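*Asks:* Mind having a look at this structure? Questions to follow.
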Amino acid sequence: MKSLLIVLTVGATLATGACSIPSADATDTPLNSADAASGIAAKPPVVNTAAAPGRQVYHDVTIPTGTALPLALTSSVASDTSTVEDVVSARLTHAITIDGRDVLPAGARLDGVVTDVDGSGRVKGRAMIAFRFTSLRTGDEHYDVQAAPLTYVAPATKGEDATKIGIGAGAGAVIGGILGGKDGAAKGAVIGGGAGTGVVLATKGQEIRLAPGADVTSQLTAPVTVRIRVS
């Protein structure tokens with residue numbers, strides 16, 4: 001009888017303990033191992049959809065073909081000292097603006113090379129130098145660009161040369177006339193003309209020299225897409 005009473009008492013105690021434990025709710029948050037040990041419910045993860053403070057946002061903008069690039073040279077070029085493949089550099093003197101927004105700031109750097117050069121010749125050779133910009137750097141960004149070559153040619157001196165030749169021929173005719181009459185004048189004209197031409201042959205024309213700070217304007221022959229900061 002006493003054994004039966006003990007069994008009944010233990011069963012009632014177990015039943016009471018089971019009833020005191022609440023059933024799990026579908027909305028309960030699961031505990032992690034640390035929280036389970038301490039009996040503290042874990043907090044649900046927080047998802048932050050706002051942009052992180054200080055984050056920089058960029059946007060791609062295409063600068064179209066034909067855009068003029070106003071530049072000032074930062075290196076020198078010259079028809080009598082430069083050679084093909086020499087490096088040429090310049091900087092933008094004014095910002096390039098598209099839809100009211102500066103997409104290239106003043107001071108952006110362009111680099112290129114000399115593509116053709118010819119020193120001043122004698123009689124008919126005119127000094128010439130050509131160069132083309134091939135790359136653009138703004139801030140930490142670097143871009144390849146395609147731009148039209150810039151060509152500079154020394155001014156013609158044909159009128160001045162003709163005057164020199166004419167003076168030589170006239171002087172020869174006068175001298176020939178004094179020495180030998182009409183026949184001498186004819187011979188003198190030939191000699192004088194030759195002398196005049198010799199003066200031109202011995203005189204070189206002007207050279208082309210562009211120093212740092214010289215204003216030049218290049219033009220894009222293909223579009224270039226750049227990244228600009230919008231916030």
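*Asks:* Around Thr115, what is the net charge, scoring Lys/Arg as +1 and Asp/Glu as -1 over all other residues with Cβ under 14 Å from its Cβ?
*Replies:* Residues close to Thr115 contribute a combined charge of -4.
*Asks:* Can you compute the modelled spin-label distance between Ala156 and Glu85, with each label point 7 Å from Cα toward Cβ, in nm?
*Replies:* 3.5
*Asks:* A further question follows. Using the count of nearby Cβ atoms within 10 Å as a rough guide to exposure, how do Thr225, Thr151, Thr67 rank from fewest to most?
*Replies:* Thr225, Thr151, Thr67
Here, each number is a calculation from the coordinates, and none is a lab measurement. Being a predicted model, the structure only gives us computed values, none of them experimental. Ideal geometry is used to build each Cβ from the backbone, glycine not excepted, and the neighbour counts take in all protein chains shown.
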